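**Q** There's a structure below that I have some questions on.
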Amino acid sequence: MKQNSWNLSKLKRQAINNQDFDEYVLNQSGILENEHLKVLDIGCSNGYKTTMLFDKYSNIEHIVGIDIDEKAIDEAIYKFKGNIRYEFKLKSINDLDDTNKYDIIYLSYVLQHLRNPKEIIKKLKNKLSDRGIIIIKVPDDSFKICYPDEENLLQQILMLYEKEIMPKRNKTKYTDRYIGKKVLNYLETSGYKDIKLYYSINDTINKSKEEKIKFFERSIAFRRANEKDNITLEVKNTMDNLLNKMRNKFEDEKFFYTMAVLYYTATK
């Protein structure tokens, strides 16, 4: 099951940037009122974000992380060798059995990459304990807004990435960057209960120029295709040109940009 590694440094930045709201949603869910909790972190990477979110809660007794990234899992296994609280496995969602039940099933930026997200959500319901809760964190590019944007740069960037870059890479060929609005339907039709939706909003208001550029880099600039295989030079150059223009806009004090990350929680 050898897989090329995701960008671990990018995943680490995501974990740090989302940490406060991740903890907020976890605490709002009410699951932490219980003892002897068991966690399943799907798409755990090298375990960095897993420990950031769950390590400090003493009532969480066992934490299982799974991922299909062999390099990341090897790193996690080595890092937590001898720590019986943690268990990391090279495994896909489809390899999970119904024997083990979990009180918290956590998917952070995973669902949008799956070929059959609706089926996976339905499958995971069988992995929840009777008191269990699922937490799903997803993006949705339709929640990205900027002004002024006379050349419609944002939509050009999003469309070029969706049409010419994502489908040509194994890691993103099934990625749905507009999945956020669909998850409610997936949960409802799968029979989940007590469904709640939370929005983590970030924008350029009151940010310094340096902060705005960092915001641009982590929310838009990752669509650059310079180091990606199977992408034509024309597409790479077009994307570079669009992104450079957009970056310049982030340096303008009058430019506004906002985005949202969606969090769903539900019980069985």
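**Q** For residue 244, work out the one condition from (1) open to solvent by 50 Å² or more (accessible area, probe 1.4 Å); (2) outside any helix (DSSP H, G or I); (3) polar (S, T, N, Q); (4) under 20 Å from residue 144 (Cα atoms) it doesn't fulfil.
**A** So the condition that residue 244 fails would be (2).
**Q** If you don't mind, another one. With the requirement that a residue be loosely packed, with under 14 Cβ neighbours inside 10 Å, assigned to a loop (DSSP other than H, G, I, E, B) and on the phi < 0 side of the Ramachandran plot, what does segment 68-87 give you?
**A** 81, 83, 84, 85
**Q** Scan (1) open to solvent by 60 Å² or more (accessible area, probe 1.4 Å); (2) within 20 Å of residue 258 (Cβ to Cβ); (3) touching a residue at least 60 places away in the same chain (Cβ under 8 Å); (4) under 21 Å from the mean Cα position of the chain (by Cα) for the single condition residue 217 breaks and write down its number.
**A** (3)
**Q** Among the residues of segment 105-139, which ones are in contact with a helix residue (DSSP H, G or I) (Cβ under 6 Å, 6 or more places away or on another chain) and closer than 14 Å to residue 64 by Cα?
**A** 105
**Q** Also: Among the candidates 236, 196, 207, 212, which residue alone is out of contact with any His (no Cβ under 8 Å at 6 or more places or on another chain), within 28 Å of residue 67 (Cα to Cα) and either basic (Lys, Arg) or in a strand (DSSP E or B) (or both)?
**A** 196
**Q** Please list, ordered by first then second residue, the pairs with beta carbon atoms under 6 Å, 6 or more apart or interchain, first in segment 90-101 and touching a residue at least 60 places away in the same chain (Cβ under 8 Å), second part of a loop (DSSP other than H, G, I, E, B) and surrounded by 16 or more Cβ atoms within 10 Å (Cβ to Cβ).
**A** What qualifies is 92/68.
**Q** Moving on. Which of the residues spanning segment 128-171 are within 22 Å of residue 182 (Cα to Cα), open to solvent by 10 Å² or more (accessible area, probe 1.4 Å) and part of a loop (DSSP other than H, G, I, E, B)?
**A** Once the filter is applied, which keeps residues that are within 22 Å of residue 182 (Cα to Cα), open to solvent by 10 Å² or more (accessible area, probe 1.4 Å) and part of a loop (DSSP other than H, G, I, E, B), segment 128-171 yields 144, 171.
**Q** Among residues belonging to segment 187-196 that are in contact with a Ser or Thr (Cβ under 8 Å, 6 or more places away or on another chain) and of a type outside the set (Phe, Trp, Tyr), point out the one that is surrounded by the fewest Cβ atoms within 10 Å (Cβ to Cβ).
**A** 193
**Q** Taking the residues in segment 247-268 that are basic (Lys, Arg) and in a helix (DSSP H, G or I) as candidates, determine which candidate is most open to solvent (accessible area, probe 1.4 Å).
**A** 247
**Q** So, one more: Residue by residue through segment 43-89, note down the ones that are farther than 26 Å from residue 120 by Cα and polar (S, T, N, Q).
**A** Within segment 43-89, 58, 59, 83 qualify.
**Q** How many residues does segment 172-186 contain that are open to solvent by 80 Å² or more (accessible area, probe 1.4 Å) and assigned to a helix (DSSP H, G or I)?
**A** So the count comes out to 1.
**Q** Across segment 111-122, what is the total count of residues that are at pLDDT 95 or above and open to solvent by 60 Å² or more (accessible area, probe 1.4 Å)?
**A** 3
**Q** Now for a separate question. Could you check segment 13-65 and list, in sequence order, the residues that are within 16 Å of the chain's Cα centre (by Cα), surrounded by fewer than 19 Cβ atoms within 10 Å (Cβ to Cβ) and of a type in the set (Lys, Arg)?
**A** 13
**Q** In this structure, does residue 205 turn out to be open to solvent by 80 Å² or more (accessible area, probe 1.4 Å), over 30 Å from residue 31 (Cα atoms) and touching a residue at least 24 places away in the same chain (Cβ under 8 Å)?
**A** yes
**Q** Please go through segment 220-233 and give me each residue that is open to solvent by less than 80 Å² (accessible area, probe 1.4 Å) and part of a helix (DSSP H, G or I), ordered by number.
**A** Those that are open to solvent by less than 80 Å² (accessible area, probe 1.4 Å) and part of a helix (DSSP H, G or I): 221, 222, 223.
The values are calculated or read from the model by the stated rules, or taken from the named source; none is laboratory data. This is a predicted model, so every value here is computed, not measured. No Cβ is skipped: glycine too gets one built from the backbone with ideal geometry, and neighbour counts run over all protein chains shown. Just so you know, the surface numbers come from the protein's heavy atoms only, side chains and all, with ligands and any DNA or RNA stripped out. Shrake-Rupley method; radii C 1.70, N 1.55, O 1.52, S 1.80 Å.
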